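Below is one structure, written out as structure tokens; the observations come after it.
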Amino acid sequence: MSWFSLTGIAVVGFIITDQFYTTVNIRMLIIAAIILGMVWPDFKRLLIRQYVRLMRAIRYVFTPNKYYNK
């Protein structure tokens, strides 16, 4: 993932988070949507990777120990 994508994702996250604490600014939401559209493939890959990590962690927590003691 390039630095451009990481920076874009961070900026979008900041803008969206900022909208929760201040009045909603349509212009900022449009800018966030444009930036997210530019970095969407990398953002989608990041979401899938995090989802896979979460599923592995849940599976590990709820699997009986006898399968891991081999």
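The values are calculated or read from the model by the stated rules, or taken from the named source; none is laboratory data. This structure is a prediction, so every number in the text was calculated from the model and none was measured. Here Cβ is always computed from backbone atoms with ideal geometry, including for glycine, and neighbour counts include all displayed protein chains. Areas reflect the complete protein model, heavy atoms only, side chains present, ligands, DNA and RNA absent. Shrake-Rupley method; radii C 1.70, N 1.55, O 1.52, S 1.80 Å.
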Please indicate, with yes or no, whether at least one residue in segment 59-68 is in contact (Cβ under 8 Å) with a residue 12 or more places away in the chain and open to solvent by less than 90 Å² (accessible area, probe 1.4 Å).
-> no
Those residues of segment 1-34 that are assigned to a helix (DSSP H, G or I), open to solvent by 80 Å² or more (accessible area, probe 1.4 Å), hydrophobic (A, V, I, L, M, F, W, C) and free of Cβ contacts under 8 Å to residues at least 12 places away in the same chain come to a total of 6
Filter result (among the hydrophobic types (A, V, I, L, M, F, W, C) and more than 12 Å from the chain's Cα centre (by Cα)) within segment 33-60 | Ala33, Ile34, Ile35, Met38, Val52, Leu54, Met55, Ala57, Ile58
